[in-house]
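These notes concern the structure reproduced below.
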Amino acid sequence: MSVTASARLLLCVVALSSWLGLAEVEKGEPCETCRQLTENFSKGLERTANKNFGGGNTAWEEEKLAKYERSETRLLEIVESLCQSSDFKCNRLLEQIEEHVETWWFKKQQEAPDLFHWLCIDTVRVCCPPGTFGPECAACPGDPSMVCGGLGTCDGEGTRSGSGRCLCNNGYSGPLCQDCAIGYFRGSSSNQTQHSVCTACYHACSRCIGPKEDQCLACKKGWQIHNHKCIDVDECGTELGRCPANTFCLNTEGSYECRGCDKACVGCMGSGPSRCKKCSKGYKMVGAKCLDVDECSQSERSPCPGLNEACVNEEGSFRCVCADGFMRKDQICVENHPPSSIEKGLFDDITDDEVLVLQQMFFGVVICALATLAAKGDMVFTAIFIGAIAAMAGYWLSEKGDRLLDSFLKGR
């Protein structure tokens, strides 16, 4: 396979990956993508500047395959690193401009060494020269050397999009950003910019002759002028502040806020239960304040009609609960009987120590029984056997006697 075919195969693979991730080129600004691609190409040129074919006979390779500097091998190495696999915009643009890249590499490098200008501006036409914008690269407002008077940026500058309108820096306004914005005044000239600088007025002023509080010519909304000072307008006191139901007006600097009334109120003139116009259900007016009504102690008859129910007062209301000793079952209060304890048998609570003692008694009984049989019924050995059983039983019962006796009487 030739080097050209390899390069084309690589570009096709890149294009396929971009198609899988992005059905079509996203609407937006392709100029930045083209700029980044050409910058990566320049980095690739630097990275491969001192390389060769890497074979054993470089002189022969250069003679037969031309110089590495302008070879397809080098182009392939550079193209491989232009876009990351996840950068769909870059990969898609690369697929679209592959023939242009090859044309520039083999035919246009000498006469157009600036790949960005040749490719992005003149050939694929996704970018514009500095100081221009839009499909036809029209001139931005202002002098070409100082777009928008040097006090703003041109919308879309350097791209094939945008309106070309000046986007002024903070404090400036106007078609060429030569005017001071609202809340700024024209101060002294700057040595760097050679024009007067717009400086902020006092925060309440919309127009002023200086930065001080008493240098206002006009006020921002929510303020009124008095002796060249901007005084806050109390919207709440002048009924300019219109608040929805069950809220009250709170004046702030240059504006107002609507805040919710206390839950004890139906309509209010301020914060808290003492500023209510009327009281909410469950509250009553006591003096000038809406206080909670204790429904549970209002009358001799409880508001909880259910049998064995008790009333519990809450803020603005009450709730019905079962009286002590009762529990709610199927919406009624029934007596709460604790579950009866099940009597345990003789061996229910036997411990590990007691099991060990029983084992020892069992082996002792077996040994005594064997000794008795060996004596063929001799009374002496029989007495020893019975004595051993009685001794071990007495030991065990002396430790756990009361409990075992009670358990034995209850029995399983």
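Tabulated data for the structure shown
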quantity: Residue in region 92-113 that is touching a helix residue (DSSP H, G or I) at 6+ places or on another chain (Cβ under 6 Å), surrounded by fewer than 18 Cβ atoms within 10 Å (Cβ to Cβ), assigned to a loop (DSSP other than H, G, I, E, B) and without any contact (Cβ under 8 Å) to a residue 24 or more places away in the chain present; calculated: yes
quantity: Single condition Ala66 does not satisfy, out of (1) modelled with pLDDT of 90 or more; (2) surrounded by fewer than 20 Cβ atoms within 10 Å (Cβ to Cβ); (3) at positive phi; calculated: (1)
quantity: Qualifying residues in region 245-272 (those that are without any contact (Cβ under 8 Å) to a residue 12 or more places away in the chain and out of contact with any Leu (no Cβ under 7 Å at 6 or more places or on another chain)) - the one nearest to Asp234 (Cα to Cα); calculated: Thr252
quantity: Candidate set from region 213-270 (those that are over 30 Å from Arg186 (Cβ atoms) and basic (Lys, Arg)); member that is surrounded by the fewest Cβ atoms within 10 Å (Cβ to Cβ); calculated: Arg242
quantity: Residue check, Thr123 hydroxyl-bearing (Ser, Thr, Tyr) and surrounded by fewer than 21 Cβ atoms within 10 Å (Cβ to Cβ); calculated: yes
quantity: Single residue of region 47-63 satisfying the filter (modelled with pLDDT under 65 and part of a helix (DSSP H, G or I)) that is surrounded by the most Cβ atoms within 10 Å (Cβ to Cβ); calculated: Glu61
quantity: Residue satisfying all of: in region 279-298; hydroxyl-bearing (Ser, Thr, Tyr) and modelled with pLDDT of 90 or more; surrounded by the most Cβ atoms within 10 Å (Cβ to Cβ) among these; calculated: Tyr283
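The values are calculated or read from the model by the stated rules, or taken from the named source; none is laboratory data. Predicted model, so just to flag it, every value in this text is computed and none were measured. Don't worry about glycine lacking a Cβ; one is built from the backbone with ideal geometry, like all the others, and counts go over all protein chains shown.
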